[in-house]
Amino acid sequence: MMKHKIVEIHNFSFAYPEGKESLKNINLSIEEGSLNVLCGKSGCGKSTLLRQLKSVLAPHGKKSGEILYCGRPLGETDRRTQSSEIGFVLQDPDNQLVTDKVWHELAFGLESLGYDTPTIRLRVAEMASYFGIQNWFMKNVAELSGGQKQLLNLASIMAMHPRLLILDEPASQLDPIAASDFLETVKRINRDIGTTVILTEHRLQDVIPWADHVIVMDEGTILTEGTPREIGKKLKQEGHGMFLSMPVSMQIYMETDSEEECPLTISEGRRWMSRLLENKTPVIVQPHEEHVVRDEGVKGKKRIFVPWQKKDRQIPAVTMEDVWFRYEKDSPDIICGMSMQVEKGEFYALMGGNGTGKSTALSLLGRVRRPYRGKILLNGKDIRKYSDTELYRGYLGILPQNPQSMFVKKTVEEDLYAVIGGRKEKQSAEYPIDMKKSEAIGGIVSLIHLEGLLDRHPYDLSGGEQQRLALAKILLLRPRLLLMDEPTKGMDAEYKKELGQILKKLQSHGITIFMVSHDVEFVVEYAGRVGLFFEGNVVTDKPAREFFTGNYFYTTAANRMARHYFPDAVTGKDVVKCLKTNLWTDL
């Protein structure tokens, strides 16, 4: 039986104005009713390709080839049909909301299409019930958390009953629990309603196992496509960096000689491990080395870093003492008596749900906002006593959640030079370096891997590339304290590994890192200490591995998969080490 193709792409290429080709000879077919995952490294062309599937969102540039929707050229499909039948969820939930009330947001698309009032009321009620929105139906949109906003965007689109649902990294700004819930809803829409789904996402752990079809892109072309197991096997054989993004159960399986079917989900991985270790008494293995940093006092030696021990007498990099903050005089407190310390040279990560106040706490440390009670000390000095030049030129670097807020020039190269006063080689108090500016730019471009992007407009970069450019600009100011808000947002697993190595290198040079993040796997791999933010304060504060082994939901996929045998294993590498020790004792 012939299956109906809802989307067909034939020999399609695209280039931005005055730029190289972003898409090269794309050929792709999407079956109606299928769940499709489009993945690839940051900047490979995923978002550019998705936007071509809805004319109003397609970027301006030179095109060749053909895109068919339901057998007809997409360009011949009228705007009303595209609006109602092709739904598109953007990466940033705030960029898609257009009204002030939840109920009006649900109705807005239907009103724009001219539906009568009874139909609108029926569909709005249906979507509010299906998505569990009825409890916050009358709220202001501004009061919603990030997860609620993205769910509202999805519900507003589904109210128009689309045949094709396109999602461009919809969970990138959500905490792990909210992201899992959102992606579960997307799977339910595909399964229960039959809506065709095309999804890009860096959290492949939550979507790959349920995909009918996986497409891997690389440098503007389709590298390979197939079922999840076929894709995982091929990427592993080719040693491709995208294999690091595959589900952890698949990564662990591929490191063994097992001949069973490759597990894709946590539950499949647990059952596979149980069969693998059947009739064995597992040997408990210490899966990891101690977290260490350079000891400035004893040259060439290392020490275990326990930042909260009283014997460590150095002045903390960050101290918060009974800090309180609210946005308006009569509004609820967002930060409630927050007290904490971050030691010099430490890599500290703050985690917690969307809307709990993590980014607000970061803004207080950056003096973007000021508390109405309490004290903040940076390097032992009251933050209020720093001049702007002292604080922001050479001591404090801030990577915001939205990197676009940092871009001021028309090319990447010019944006980098703008940080250090332009191209002239004259030194200044703002950038007291002992090298030429061109050498400084070249060094940071090499470190952050911006080669090949220097002539591009910053807004034309992918989300991950924009994050890298923003980090490069901050590092040019040579900060001693680096504040980062969701630095891995929009990054593929391979570049996350490179970013982690960059941050550890900065840490080895004495730079203190304070990071707000939802990325559990990144935090456990690179952070030294983790705090959980809840109800305006840090409710727990532990070394990273101890933090994650003690949690049930806020932990890694590897720990959930292996904890019944190896409770201290928190990464895929940990689990592989434990398995090999138990299966092949000579290792």
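Go over the candidates 369, 384 one by one and state the one that is out of contact with any Asp or Glu (no Cβ under 9 Å at 6 or more places or on another chain), in a loop (DSSP other than H, G, I, E, B) and at pLDDT 90 or above. Outline the logic, then answer.
Details: 384 fails: in a loop (DSSP other than H, G, I, E, B).
After ruling out the rest, the residue left standing is 369.
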List, please: which pairs have Cβ atoms under 6 Å, are six or more places apart or on different chains, and start with a residue in the stretch 176-191 that is in contact (Cβ under 8 Å) with a residue 60 or more places away in the chain and end with one that is open to solvent by 20 Å² or more (accessible area, probe 1.4 Å) and in a helix (DSSP H, G or I)? 187/210
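Could you please let me know if residue 551 is of a type outside the set (Ser, Thr, Tyr), open to solvent by 30 Å² or more (accessible area, probe 1.4 Å) and in contact with a Cys (Cβ under 8 Å, 6 or more places away or on another chain)?
The answer is no for residue 551.
Does the stretch 146-164 contain at least one residue that is part of a strand (DSSP E or B), touching a strand residue (DSSP E or B) at 6+ places or on another chain (Cβ under 8 Å) and open to solvent by less than 10 Å² (accessible area, probe 1.4 Å)? Explain how you work it out, then say what you get.
So the first thing to find is which residues in the stretch 146-164 are part of a strand (DSSP E or B), and the list is 164.
If we keep only those that are touching a strand residue (DSSP E or B) at 6+ places or on another chain (Cβ under 8 Å) as well, we get 164.
Checking the rest, the ones that are also open to solvent by less than 10 Å² (accessible area, probe 1.4 Å) come to 164.
Within the stretch 146-164 (the criterion being part of a strand (DSSP E or B), touching a strand residue (DSSP E or B) at 6+ places or on another chain (Cβ under 8 Å) and open to solvent by less than 10 Å² (accessible area, probe 1.4 Å)), the answer is yes, since at least one residue qualifies.
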Filter the stretch 100-117 for residues that are in contact with a strand residue (DSSP E or B) (Cβ under 7 Å, 6 or more places away or on another chain) and open to solvent by 80 Å² or more (accessible area, probe 1.4 Å) and give the result. 100
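Given the criterion within 30 Å of residue 360 (Cβ to Cβ), of a type in the set (A, V, I, L, M) and touching a Gly at 6+ places or on another chain (Cβ under 6 Å), identify the matching residue among 157, 133.
Values: 133 fails: touching a Gly at 6+ places or on another chain (Cβ under 6 Å).
157 is the lone residue from the list that is within 30 Å of residue 360 (Cβ to Cβ), of a type in the set (A, V, I, L, M) and touching a Gly at 6+ places or on another chain (Cβ under 6 Å).
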Could you grab the pairs with beta carbons closer than 6 Å, sequence gap of 6+ or different chains, first residue in the stretch 348-369 and in contact (Cβ under 8 Å) with a residue 12 or more places away in the chain and over 24 Å from residue 480 (Cα atoms), second one part of a strand (DSSP E or B) and open to solvent by less than 10 Å² (accessible area, probe 1.4 Å)? 352/533; 356/533; 357/335
Are there strands (runs of 3 or more DSSP E) fully within the stretch 2-84 with at least 1 residues that are open to solvent by 70 Å² or more (accessible area, probe 1.4 Å) and under 17 Å from residue 220 (Cα atoms)? List them. 5-15, 21-31, 62-69
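Taking residue 333 as the residue in question, decide whether it is of a type in the set (Asp, Glu) and in contact (Cβ under 8 Å) with a residue 60 or more places away in the chain. Break it down stepwise before answering.
Values: of a type in the set (Asp, Glu): yes; in contact (Cβ under 8 Å) with a residue 60 or more places away in the chain: yes.
Taking the combined requirement at face value, the residue satisfies it.
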Tally time: how many residues in the stretch 81-99 are at pLDDT below 90 and of a type in the set (D, E, K, R)? 2
Please tell me if residue 141 is out of contact with any strand residue (DSSP E or B) (no Cβ under 8 Å at 6 or more places or on another chain) and over 30 Å from residue 71 (Cα atoms). no
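Listed here are the residues, each with its yes/no results for (1) out of contact with any Lys or Arg (no Cβ under 9 Å at 6 or more places or on another chain); (2) touching a residue at least 24 places away in the same chain (Cβ under 8 Å); (3) within 14 Å of residue 157 (Cβ to Cβ).
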position	(1), (2), (3)
35	no, yes, no
45	no, yes, no
71	no, yes, no
75	yes, no, no
79	yes, yes, no
96	no, yes, yes
108	yes, yes, yes
113	no, yes, yes
Restricting to the stretch 118-131, name every residue that is hydrophobic (A, V, I, L, M, F, W, C) and open to solvent by 30 Å² or more (accessible area, probe 1.4 Å). 122, 125
Please specify each residue of the stretch 256-269 satisfying the condition of being surrounded by fewer than 16 Cβ atoms within 10 Å (Cβ to Cβ) and either closer than 18 Å to residue 573 by Cβ or in contact (Cβ under 8 Å) with a residue 60 or more places away in the chain (or both). 257
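The values are calculated or read from the model by the stated rules, or taken from the named source; none is laboratory data. Bear in mind that the values here come from a model prediction, so they are computed numbers and not experimental data. Ideal geometry is used to build each Cβ from the backbone, glycine not excepted, and the neighbour counts take in all protein chains shown. We work out accessible area using only protein heavy atoms, side chains counted, and drop any ligands, DNA or RNA first. Shrake-Rupley method; radii C 1.70, N 1.55, O 1.52, S 1.80 Å.
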